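I have placed the structure first, in the form of structure tokens, so that the comments after it can refer back to it.
The values are calculated or read from the model by the stated rules, or taken from the named source; none is laboratory data. Worth saying up front: this structure is predicted, and the values here are computed from it rather than measured. When we count neighbours, we look across all protein chains shown, and the Cβ atoms used for this are built from the backbone with ideal geometry, even at glycine.
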Amino acid sequence: MITHEEQVAALESTDTGRTSRARLQTFRRSYAEICAGEAPWIPLGKFMHRFFGCFSHLRPELMEEPIEVPENCSPEQFQWAVFCAASIEYLCKKYDILCPEWALDPRYSLEGPWYYAIGADLPRVQEKLRQTTPGPFTKRNIFCGDRVFNNKYEYQGRQGRKTA
């Protein structure tokens with residue numbers, strides 16, 4: 001587990017070899033920021049930049065701490081808690097990382113489907129989301145497609161040609 005002091009300590013980036021003072025944007029921190037009212041993709045985007053970019057060598061540490069779900073969380077906050085758990089499982093499978101137990105807790109599941117994409121209220125979009133969403137999301141009743149965690153660091157050019 002990463003302590004607060006370690007999170008704000010000087011960290012060396014594998015991309016640049018430079019040392020910088022940066023707070024690690026863990027999933028725990030991202031979810032806390034969502035609960036505090038931040039638009040969800042701001043903290044999740046910061047997490048993705050750390051996970052895929054300059055601190056990719058710390059991937060397990062970015063996901064190991066359990067999120068803290070407020071006792072009286074709103075339905076929207078709970079949706080994002082479930083999304084975080086699904087994301088952890090998905091990323092761990094994709095990048096061959098041991099998944100933290102907290103993310104596999106069955107309580108992180110929605111009763112009804114949550115379609116999350118542009119046009120998600122349209123039946124044809126919902127069908128496409130059901131067909132393309134990875135298993136860690138669908139088993140929790142989240143349908144967001146397979147592009148949520150595209151790694152921009154693996155792609156080159158406008159046509160999205162994969163380099164690695």
Item to check | Unique match (being surrounded by fewer than 19 Cβ atoms within 10 Å (Cβ to Cβ) and modelled with pLDDT under 95) among 10, 39 | outcome: 10
Item to check | Selection from region 42-66 of residues that are crowded, with 19+ Cβ neighbours inside 10 Å, part of a loop (DSSP other than H, G, I, E, B) and modelled with pLDDT of 95 or more | outcome: 64
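Here's the yes/no breakdown for (1) without any contact (Cβ under 8 Å) to a residue 40 or more places away in the chain; (2) touching a helix residue (DSSP H, G or I) at 6+ places or on another chain (Cβ under 7 Å):
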| residue | (1), (2) |
| --- | --- |
| 54 | no, no |
| 62 | yes, yes |
| 81 | no, yes |
| 86 | no, yes |
| 122 | yes, no |
| 134 | no, yes |
| 143 | yes, yes |
| 148 | no, no |
Item to check | Odd one out for residue 118 among (1) touching a Gly at 6+ places or on another chain (Cβ under 9 Å); (2) modelled with pLDDT under 95; (3) of a type outside the set (Ser, Thr, Tyr) | outcome: (1)
Checklist outcome for this item: Residue set 109, 87; condition under 26 Å from residue 68 (Cβ atoms) and not in a loop (DSSP other than H, G, I, E, B); output residue 87
